[in-house]
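In what follows, a structure is listed as structure tokens, so that the remarks can point back to it.
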Amino acid sequence: MEKIINLKESVYELTQKYPEIIDILASLGFTEISKKAVRHSVGKMMTIPRGASMKGIALKQIVKALQDNGFIVKDGNADDKPETSHMASQIKDYLQRLNKGEAMAAVRADFVKNFKDVKATEIMKAEQELIRDGEPVKKIKELCDIHSALFHGTQEGVSHDSLHQGLHHDQERMMIGQAGENRDKTTALRAVTGHPLQTLYRENEAIVGILDEVESLLNREANVADIAEALQKARGIAIHYAKKGDLIYPVLNVKYGIYGPSQVMWTIDDEIRAELATLVKQASDGAMPGEEWRERVAAVAKRAREMTFKENRILFPVSAANFSDADWRQMYADSKGYEACLGVVSERWDEGEAFFDQIHQKETTESAALSEGLIQMSGGSLTVEQLTALLDALPVEITFVDADNINRYFNQPFTTKAFKRPLSALGREVFTCHPPKIEPMVRAIIQDFRDGKRDKVPVWLEKNGKSMLITYMAVRDATGKYIGTMEIVQDMEPMRAHFSGREK
């Protein structure tokens with residue numbers, strides 16, 4: 001029987017039909033494909049050509065490996081040999097000119113002349129053709145500064161550097177292209193009263209306002225105390241950044257394959273937050289900060305201001321281009337768990353409120369339907385309603401991640417938490433919920449639990465002036481088999497106040 005691989009099908013579909021290709025693809029560099037959770041999540045949206053492009057692996061090499069293992073590879077077209085488009089041929093000519101040593105300036109001039117009216121997404125499609133035909137991704141990327149010169153030039157006088165910084169170079173062109181093509185859609189959504197996009201833009205207006213205050217104080221050479229007070233207020237930016245990290249970056253990454261923001265922007269968000277906290281602390285430590293401190297204040301204010309521009313001109317329009325109506329409704333519902341950012345309170349969005357009420361109604365209906373049935377446990381029995389109420393009454397935040405690293409349960413789902421757990425994260429890999437600097441630690445902890453090296457990892461930290469204890473615990477069945485990880489977040493401030501005699 002013929003084993004046919006259609007490159008139009010998702011990695012998930014192909015590996016379900018032919019499990020043996022998992023090892024073949026893993027040996028070529030697709031290491032994550034060995035993980036079931038990845039195949040069942042990202043794999044449902046990923047094709048082999050798309051994965052090859054992201055990994056920088058020549059598609060011809062993959063096709064040959066599959067053919068060597070007895071597979072017939074098709075791309076879904078009738079003749080199975082699509083012709084290279086005219087645009088792709090032009091781009092290939094530019095690459096060849098560069099390879100022959102022609103000056104970049106000359107190639108750039110021709111590129112801009114011929115492609116200045118072409119949508120960025122069309123250029124990206126042409127590049128994908130070249131990658132599909134075996135053109136090395138490294139060569140394609142040699143045109144990056146040509147693309148940057150073309151698309152950055154459309155950004156209303158903004159320099160290349162200010163846009164390029166903070167965007168993953170692989171996807172910069174595509175993101176800028178999508179943003180430019182969706183200005184009207186972004187404007188329309190932004191005008192909808194209470195829409196999440198409107199709230200995000202309003203928050204950025206407030207952020208720019210406090211940054212103006214900080215920079216004005218610096219320009220007037222105000223005293224350190226006044227500047228520090230403004231900086232402390234500016235730290236409210238953390239709420240805005242948390243919403244991006246929880247509700248935008250993971251969705252773009254996992255659902256739509258746009259990984260640039262989660263890989264780079266998220267890191268910059270963390271750096272800005274950390275620097276603001278450090279500068280405020282230095283101002284309150286007693287020693288009078290000098291000129292270097294003021295220079296750092298100016299630098300972080302500039303970075304934060306640039307981030308608002310990247311969001312307004314790129315990140316938010318890209319979200320508008322990709323997010324479905326359901327994505328926005330879910331984001332509206334999840335946003336209710338966040339405090340107001342710099343005094344910006346989200347207005348009511350009727351469509352989002354209807355969805356939020358629907359979630360509550362569904363929870364109530366399902367609970368009522370199961371209320372008569374008892375869950376039998378060795379320590380007794382409870383109805384679903386009782387068990388849910390019991391878990392929500394615990395003075396801790398609980399997250400359960402199953403053995404495949406998928407978020408399965410959060411308690412207290414509709415309350416304001418120290419560490420937000422949006423319902424949109426359920427069913428998604430836990431690693432997508434963490435910024436790049438934290439992800440390696442989370443992976444290491446879970447792997448140690450899986451290997452039986454550890455059973456518990458406590459992490460103490462200060463958050464918003466409070467002592468917090470985060471405990472990661474391995475969850476095992478009666479035989480000792482690893483079945484998941486539980487995260488418990490506790491506010492330890494009441495205990496500290498009690499034992500220090502400060503309890504009221």
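For the range 349-496, the solvent-accessible area works out to 56 Å² per residue, with a probe of 1.4 Å and every protein chain left in place. For the range 385-463, trypsin sites (Lys or Arg not before Pro) meeting the loop criterion (DSSP other than H, G, I, E, B) and having at most 11 other Cβ atoms within 10 Å: K453.
When the residues W460, W266 are ordered by accessible surface, computed with a 1.4 Å probe over the protein chains alone, the sequence from largest down reads W460, W266. Put a dot 7 Å past the Cα of K55, heading toward its Cβ, do the same for N114, and the two dots end up 3.2 nm apart. To put it simply, the accessible area of the range 254-298 at a 1.4 Å probe is 54 percent carbon and sulfur. Modelled spin labels at S34 and T471, positioned 7 Å past Cα toward Cβ, are 3.4 nm from each other. For the range 430-504, GluC sites (Glu not before Pro) are listed when DSSP marks them as loop and at most 13 other Cβ atoms sit within 10 Å of their Cβ; the list is E503. Other residues within the sphere of radius under 10 Å centred on the Cβ of E397, judged by their own Cβ, net out at +1 (K and R +1, D and E -1). Centre-to-centre separation between the Cα atoms of the range 320-350 and those of the range 400-468: 23 Å. Principal axis analysis of the Cα atoms in the range 223-370 yields extents of 64, 32, 26 Å, listed in decreasing size. Residues D451, D327, sorted by accessible area with the largest first, give D451, D327 [1.4 Å probe; ligands and nucleic acids excluded]. Counting only protein chain heavy atoms and rolling a 1.4 Å probe, the accessible areas of C433, C341 rank, largest first, as C433, C341.
The overall shape of the range 367-504, judged from the alpha-carbon gyration tensor, is oblate: a/c is not under 1.5, and a/b is no greater than b/c.
Using a simple spin-label model with pseudo-atoms 7 Å out from Cα toward Cβ, V396 and E339 lie 2.4 nm apart. Amide H to amide H distances under 5 Å link K3 with I72, where only residues 5 or more positions off or on other chains count and H is placed in the peptide plane. Heavy-atom accessible area for Y482, with the other protein chains in place and a 1.4 Å probe, reaches approximately 20 Å².
With all protein chains in place and a 1.4 Å probe, the accessible surface of the range 389-504 carries 59 percent carbon and sulfur. Restricted to Cα atoms, the range 211-290 shows a radius of gyration and a Dmax of 16.0, 49 angstrom. For the range 175-218, with equal point scatterers placed on the C-alpha atoms only and solvent neglected, what are the log10 I(q)/I(0) values from the Debye formula at q = 0.14, 0.15, 0.30, 0.34 1/Å, to two decimals? Computed log10 I(q)/I(0) values: -0.47, -0.52, -0.95, -1.03.
The values are calculated or read from the model by the stated rules, or taken from the named source; none is laboratory data. Since the model is a prediction, treat every value here as computed from it, not as a measurement. Ideal geometry is used to build each Cβ from the backbone, glycine not excepted, and the neighbour counts take in all protein chains shown. Calculation scope for accessible area: heavy atoms of the full protein, side chains included, ligands and nucleic acids excluded. Shrake-Rupley method; radii C 1.70, N 1.55, O 1.52, S 1.80 Å.
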